[in-house]
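Novice: Right, I'll just put the structure down here and ask away after.
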Amino acid sequence: MSDSTDIDPTVTAELTRLRESIDNIDAAVVHMLAERFKCTQQVGVLKARHQLPPADPARESRQIARLRELAESAKLDPAFAEKLLNFIIAEVIRHHETIADGAR
Ligand SMILES: C=C(O[C@@H]1C=C(C(=O)O)C=C[C@H]1O)C(=O)O
């Protein structure tokens, strides 16, 4: 069995370089998601104020179609992109329901 002391130093250096980029990308994703949630919270307040429903399935369909196209041109699995967007949207709708409940 090999342990970390047997690894070729050039392999370790390459792994470290790649992991530094992965960490930077993860940080960017967190910051972008935080900005997205700031916007969606404002949408939630606007909807609650004007008695609009938390979810907008027609808007979601357009977003999914657009994201699937973007994913294809970026060589990212469109099914994965759709699942990710649906996961995020489900959380946003939950937030909107909470905001609407608080406004009642
Ligand atoms: C943010 C909105 O509310 C919901 C959340 C969406 C999203 O996270 O992109 C899209 C549609 C809605 O179901 C919106 O209506 O724009």
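The values are calculated or read from the model by the stated rules, or taken from the named source; none is laboratory data. Bear in mind the structure is a predicted one, so any value in this text is a computation, not a measurement. In this analysis, Cβ positions are derived from the backbone assuming ideal geometry, glycine residues included, and neighbour counts consider all displayed protein chains.
Novice: In region 81-97, which residue that is under 11 Å from the mean Cα position of the chain (by Cα) and not aliphatic (A, V, I, L, M) is nearest to the ligand (Cβ to nearest atom)?
Specialist: For region 81-97, the residue satisfying everything is GLU91.
Novice: To continue, here is another question. Could you grab the pairs with beta carbons closer than 6 Å, sequence gap of 6+ or different chains, first residue in region 78-94 and at negative phi, second one of a type in the set (Gly, Ala, Ser) and within 13 Å of the ligand (Cβ to nearest atom)?
Specialist: ILE93/ALA55
Novice: Additional query: Being over 20 Å from GLU91 (Cα atoms) and either within 9 Å of the ligand (Cβ to nearest atom) or exposed (fewer than 10 other Cβ atoms within 10 Å of the Cβ) (or both) is the filter here, so list the residues in region 26-72 that pass it.
Specialist: Within region 26-72, HIS50 is the sole residue that qualifies.
Novice: Taking the stated definitions as given, is ARG49 closer than 24 Å to GLY102 by Cα and of a type in the set (D, E, K, R)? Please lay out each step first, then the result.
Specialist: Numbers: closer than 24 Å to GLY102 by Cα: yes; of a type in the set (D, E, K, R): yes.
Yes, satisfied.
Novice: Among what's in region 1-15 and is surrounded by 10 or more Cβ atoms within 10 Å (Cβ to Cβ) and not aliphatic (A, V, I, L, M), pick the residue that is nearest to PRO54 (Cα to Cα).
Specialist: Going through the qualifying residues, I end up with GLU14.
Novice: Take the residues of region 3-46 that are of a type in the set (D, E, K, R) and at pLDDT below 95: which is nearest to ASP101 (Cα to Cα)? Write out each step before concluding.
Specialist: Looking only at region 3-46, we keep the residues that are of a type in the set (D, E, K, R), and these are 3, 6, 8, 14, 17, 19-20, 23, 26, 35-36, 38.
Next, from what is left, pick out any that are at pLDDT below 95: 3, 6, 8.
Details: ASP3: 54, ASP6: 58, ASP8: 58 Å.
Result: ASP3.
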